[in-house]
Structure formats: structure tokens, C-alpha cells
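A short write-up of the structure that comes next.
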Amino acid sequence: MMPLDTPTHTSTTHTSPTHEQVSRPFPFTEPGYRGGVTSPPAGSARDRLSAALRESDGLGRLSTARLAALLSEGIHQAALGGIVLFSPEAATTPAAIAGGFAVMLLPYSIVGPFAAAALDRWDRRVVVAVAALIRTLAIVATIALIAAGAVHSGPGLAALFGLSLVAIGLGRLINTGMTAAMPKVVPDRILAATNSVLVTVGSVVTAIGAVAAFAVLAVLGAGDAAVSWTLVPSVVTALVGVWAVLALPRRHLGPDDDEVTHLPGDPLARTTFHTFAGGLAEGFRAARSSSLVWVSLAGVALGRAAFGVTTMLAILLLRDAEGSGSGSGAGTDTSTDGAIIAGMGGFGLLSAAVAGGMGIAAIAAPWAMARARRILVVAAGALLAAAAQAVVGPTLDPTALVIGAIAIGLGSQVVKLVADNAMQTDVPDARRGGVFALQDALFNSAFVVGMVVVLPLVPADGRSVSLMLVPAVLYAVSAVVAVAVAMRSEAEAEGSGGQRTGTERTAAN
């Protein structure tokens, strides 16, 4: 299953991303709720997207770059999964699964908030283009390494993980930069709806790339030659993304020169240190400035930890089902099920189901945000994911997990879309790169932490009813936190006689 992005809103005056008139919903936003006043969405989703393309300046190229990068990322992740998790040589123990994800995700989670501070100081177009070129070279080197059959030795496997770390880390930095730049190319009036569509479409495109690669590898096998050829389209799509970004004018993606904090008289080395070392602190400060931002970020973190637990158990269950299906002692029904939903093919179906739920979220999240407070939309998304996990998880049945993954993907994506929308609209542009980098760090590290915490209790075949209920509890905690904060803000509003400022109302919504 893949990682994943948010909403639509309406505003009458465009001042800055922190202005008080807006309010929206997950990976996107909503048109509508503003301090107790709703304005109806204008036309269908297709009409809103058409309007965005007409009214924006550079959205087409930014979207092309973003979707091309995400398609490349999906193919790349699936190919790595094929050779590390499902190849005949792989011994996929719980510790190996957690270790593999930790090596690939955690280093960027630590460095990302500092490195992504560059997005708030230097031309985002240049930062993204350079990162995309380096990422492409890393994938080319990965293809050469796998084609040479060198990845099954100690040094070769270490090199594979190193190249993967570079490619995945830079992929997250690229996505962070383009998400933070969205308000620069889309009018604020349609930002939520446009972002909701693009974030979810991006997540679906990533899953499509992964599912296509899983399908190819399920047919050809996870051998070195098959994996290396499967990675070639990832290079092509990555280069398309580089071309689209470079086609944009200088500073078109921000930050504007007058929004950058200059430190005259400081040596370059000291300025650079301040820029990078301040990224994480800036992200925390920006998140803390709005209750909606920190609550939705908490929902994203808890949801990713839950998803990490489910992913580990699902991989083990699918490998066990594949082994049972190929065995001769099991019944006919088991072998039939194993041939359909098992191994790499089953993981591809699971990823497709999550992507399907995220696609539904692109429609559901803006609709919900237009009719309810965004913080309550966070609660609803988390509650849906909790209910789905509680129903399908204890069955330990791959087919049930695939079906339930649709609802889990829907609920989780709604939370993510509200988070993205809140950060895009309630955080100043000069601090937005830092807070998005913070979200990326939480997104990746929480996923691995979820795996590691339950690692001592995970059976080799993944068959644990109690552990399948842990994600349901985490999703439920996220929902309870959102409802508690919403009730507290409502009580404070009543206690102050409804005299809160517009900015306070926005932060609470």
C-alpha cells in the first residue's frame, strides 16, 4: 500500500493564505463554510477544474510536473517492493519489513524539515528541478545495479537502499515544493476544490503506477531483469516532470522576493545554517498557530501509524496466502483464493483499493467541507477509517482487507486533504514549505513507528486479530481529539459572547 493528498473553499477577498475568510476540508479542501456562513459550490467538480485551468497561471505545467513525478514514484516504489519484499530470494520477516521501510523513509523524515527550508528561501522552481534531475539519475543507477544482478549481496543491497533513499527522499521534497506552490498558480477562490482534485488524483496516479508495476512483476516474476525493465518508465515520466517545471518562469512558484527573510551581513555559511536548521522549528511554530492545522496533522500521524501496522500484517498475510496456495496439502478453495489475492498480485489489488477510496475522497471531502466545520470533517474521516478497520481487520482474510481498504483509503485521505488545505490557507507562504516538510516527516516516520512498536508481537504469518484492532484504536483516537478540540472551541466562543475575531474563528474551523 502506498503513501499519499486536499479541498475547496470560497473567499471574497484574497489577501494571504492566512486570511480569515476561508475554511476548507483532506489530501484537499472545500467550498463553503466561513464562520457559520456557507456559500454553495459553483458548478460540478469538472466545471471547477475547468475554471481553475482558465483562471490560473501555470497550473497546467505544475500539474503535469506533479503527476509525472508521482507516477514515477509509484512505479519506483512497486519495483523496489517486488525485489525486496516479494522476490524469491527475499525472506520477508516482520523485522525485515520494518527495517526496509525504516531505511528508505526515516532518513528523509529527519533531514526533510531542514532541507525543505530551502523551499521558503530559494526559487522553488529551481529547487524542484534540481531535485528531480538528481532523483532521475538515482533511478538510472538503480536500474543498472539491478540489471547487473548485484542487489543480492551485502554491498549491493546497501547500494540499492542508498539509491532508494535518495530517490524517495527527493520525491517527497519535490511533492512538498509543488504542494506549497499551489496558492501561487491557483486563485484563492478555487484553491480548495482544485487542490482536492489534484491531491487525490496525484495519490491515485501514484497507485496506478504501483499497481501497473505490480501487475507486470506478478506476470513476469520479481527477477532482476523484470524489475529493471519495469523501472524504465519511471525514468521517462520523471524527465517529463523536469521539463514541465523548467517551462515555468523564474520565481513563478514562489517564494516572492519580498516574502523571503534576508539576513544582510551574514556570511553565506551562517545564512545557510539558519535556513536549514530553522526548518523544523518553523514548521512546528506554523502548525501551532492554528488548532485545525495541528489537529489535522495529529490525525495524519495517527493514521499513518495505523496504516503502517496494517501494511506489515497485510504483506505477511499475502505472502502466507501465496505459500498456502502453492502447497499441496491445503484444500482446493485455499489454493484458488491464494492464486487470486496473494503475493505481489494481492498487494497490487490492495493498493488499487486504497487508491479507489482516495479517488472517492476527492469528491466527498470538498462536499463535506462545504457543509461542516473542517475539524469535524477530520473526525468523520478518522471515524470511517476506524470502523472499516474494526470490521475487516479481525477477519484476517485478504479479500475482506481489499474491500475494507476502499473505506480506509477514503477516510484517511479525507483527513490528509483537510490538513493540506489548512496548511495552504492558514499558513503564510514564507513558512509554508516548513510546515509541509513537517507533515512529510510525520507522514513517513509515523508509518515506520507504527510497524516498530508492534514488531515484538507480530507473528511470522501476520495472523493476529488483536494487532489488526490496533489501527482501529489509533483512528478512533484521532476522531476523539478532533471532536474534543471542536467542542472546546465552540464552548470558548459561547463563553466570549461570540466576539471572537475572524482569524480565531478560522483557526478553530
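Before moving on, here are some points about what is shown:
- Packing-based ranking, highest mean first, of 125-133, 298-306 given that Cβ atoms within 10 Å are counted: 298-306, 125-133
- 3J(HN,Hα) along region 130-147, derived from phi through the Karplus expression 6.51 cos²θ - 1.76 cosθ + 1.60 where θ = phi - 60°, amounts to 5, 4, 5, 5, 5, 4, 4, 5, 5, 5, 4, 5, 5, 4, 5, 5, 5, 4 Hz, with x in place of Gly and Pro.
- Semi-axes of the equivalent ellipsoid for region 380-461, computed as √(5λ) from the eigenvalues of its C-alpha gyration tensor and ordered from largest down, come to 30, 18, 8 Å.
- Shape of region 195-239, Cα gyration tensor, a/c cut at 1.5: oblate
- In region 337-484, inverting the average of 1/r over every pair of distinct C-alpha atoms gives 16.5 Å as the Kirkwood radius.
- Shape of region 126-229, Cα gyration tensor, a/c cut at 1.5: oblate
- Packing-based order for 93-103, 361-371, using average beta carbon neighbours within 10 Å, highest first: 361-371, 93-103
Values in this text are rule-based calculations from the coordinates and carry no lab data. Model, not experiment: these values are computed from the prediction. Neighbour counts run over all protein chains shown; Cβ positions are idealised from the backbone, glycine included.
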